Every structure is written in structure tokens, then in C-alpha cells.
Amino acid sequence: MKKAFDVLKCMIDAGCEPSQLTYSILIKHLLYENNTIIGTDSAVTMNFFSLNVVDVWKVVKFEAVMEFLNMMIEIGCTPKISTYNILVGELCKQGRVDVAQKLIENMKLEGIPSDEVINNSVVKHFCELGMFEGALKMIDNMVKAGELPHLENFI
């Protein structure tokens, strides 16, 4: 795992922005290494080796994402807003809006303001999942922060 994070650091130092696949691979192996491949909605342990790298977002826990971010920081690789955009976006795509929201809340606690990309992604996925109260709350928070949502994205 340390070597994988060293590669991540080299990528970022070289100006090569890691992709969703890069983060998926690292998080998958972090989950495996820590033996935390149990879905949040069930107590059934998944067969790790049959888990597609992209499908890791279906089972990743908030704690694992936080451990991933902490490991990045430990190696001197401070996550940028684009890192959070990828993480939040992929969590939302898999219907894991609850985990994405926790990540956004943690960002705010760390003094990292969420941006328009993150907020619009969460609102869009709230709407797609029929979670309209959550979408309205998110839009309200965006407006209070002086950010206008891109409502055409949610049609």
C-alpha cells in the first residue's frame, strides 16, 4: 500500500491528476488491506476478488474514505478539491449519497469549502434517487453560501 501511495504522490507531484480509476484501485486495496470489505447495508462480506474495481464505490465506507485521505496527507500528498470532486462524484453515482454527504461535512470541518461541481453532483443524485428533501436542503445551503445551483442539470 505504501508503494501505491508513493506512486500517487509522484503522479500529483508531476502534475498528473489521478483519475477515478486510480482512486478506485487504491481504495479497493485499502479496503482489502484493512479487511473492511463489508457493505454498510448488510453484514455479508463480499468476495473481494470478484469485486470489480469500479464497483468498490458500492461498498466503500465513510471511514475507509477518511483513512484514504489521511494516508494521502501522511505521505505529503494533500488532497485537492478535484480529489474530493472525484470521491464525492463516484460515491453519488453508486447511490452512496449518505457517505458523500459525510465527506462534504468533513471537508467543511477541515476548512475545505465544497465547490459548485461537488454540490451540483450531490443535488443531481439526490433527485435521481427521489430524495427530494435532501436535494432541497442542499440547494438551500448552496443559495445561503451565495452559490446558484445549475437547475438545468437536474431535469
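The values are calculated or read from the model by the stated rules, or taken from the named source; none is laboratory data. This one's a predicted model, so the numbers in the text were calculated from it and none came from an experiment. Because the Cβ atoms are built from the backbone with ideal geometry, glycine has one as well, and the counts that use them run over all protein chains shown.
Identify, please: which residue in the stretch 68-104 is in a helix (DSSP H, G or I) and among the small types (Gly, Ala, Ser) and is, among those, nearest to Pro18 (Cα to Cα)?
Restricting attention to the stretch 68-104, the residues satisfying the condition of being in a helix (DSSP H, G or I) are 68-74, 81-93, 97-104.
Checking the rest, the ones that are also among the small types (Gly, Ala, Ser) come to 82, 89, 100.
On the way: Ser82: 9, Gly89: 14, Ala100: 19 Å.
Restricting to residues being in a helix (DSSP H, G or I) and among the small types (Gly, Ala, Ser), the top hit is Ser82.
Pick out the one residue from Ile112, Ile118, Ile139 that is surrounded by 14 or more Cβ atoms within 10 Å (Cβ to Cβ) and part of a loop (DSSP other than H, G, I, E, B).
Details: Ile118 fails: part of a loop (DSSP other than H, G, I, E, B); Ile139 fails: part of a loop (DSSP other than H, G, I, E, B).
Checking each option against the conditions leaves just Ile112.
Yes/no per residue for (1) touching a helix residue (DSSP H, G or I) at 6+ places or on another chain (Cβ under 8 Å); (2) without any contact (Cβ under 8 Å) to a residue 40 or more places away in the chain; (3) closer than 19 Å to Lys61 by Cα:
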{"site": "Thr78", "(1), (2), (3)": "yes, yes, no"}
{"site": "Lys102", "(1), (2), (3)": "yes, no, yes"}
{"site": "Met107", "(1), (2), (3)": "yes, yes, yes"}
{"site": "Ser114", "(1), (2), (3)": "yes, yes, no"}
{"site": "Asn120", "(1), (2), (3)": "yes, yes, no"}
{"site": "His125", "(1), (2), (3)": "yes, yes, yes"}
{"site": "Ala135", "(1), (2), (3)": "yes, yes, no"}
{"site": "Pro149", "(1), (2), (3)": "yes, yes, no"}
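Checking the structure you have, find out if any residue of the stretch 85-97 is of a type outside the set (A, V, I, L, M), within 23 Å of Lys2 (Cβ to Cβ), out of contact with any helix residue (DSSP H, G or I) (no Cβ under 6 Å at 6 or more places or on another chain) and at pLDDT 85 or above. Step through it out loud before you land on a result.
Going residue by residue through the stretch 85-97, those that are of a type outside the set (A, V, I, L, M) are 85, 89-90, 92-96.
With the extra rule that they be within 23 Å of Lys2 (Cβ to Cβ), the set shrinks to none.
No, the stretch 85-97 contains no residue that is of a type outside the set (A, V, I, L, M), within 23 Å of Lys2 (Cβ to Cβ), out of contact with any helix residue (DSSP H, G or I) (no Cβ under 6 Å at 6 or more places or on another chain) and at pLDDT 85 or above.
Return yes or no: is Val60 at pLDDT 85 or above and crowded, with 20+ Cβ neighbours inside 10 Å?
On the way: at pLDDT 85 or above: no; crowded, with 20+ Cβ neighbours inside 10 Å: yes.
Judged against the criteria, Val60 is not a match.
Please verify whether Glu133 is within 25 Å of Lys28 (Cα to Cα), surrounded by fewer than 18 Cβ atoms within 10 Å (Cβ to Cβ), modelled with pLDDT of 85 or more and not aliphatic (A, V, I, L, M), treating the condition exactly as stated. Reasoning before the result, please.
Working: within 25 Å of Lys28 (Cα to Cα): no; surrounded by fewer than 18 Cβ atoms within 10 Å (Cβ to Cβ): yes; modelled with pLDDT of 85 or more: yes; not aliphatic (A, V, I, L, M): yes.
The answer is no for Glu133.
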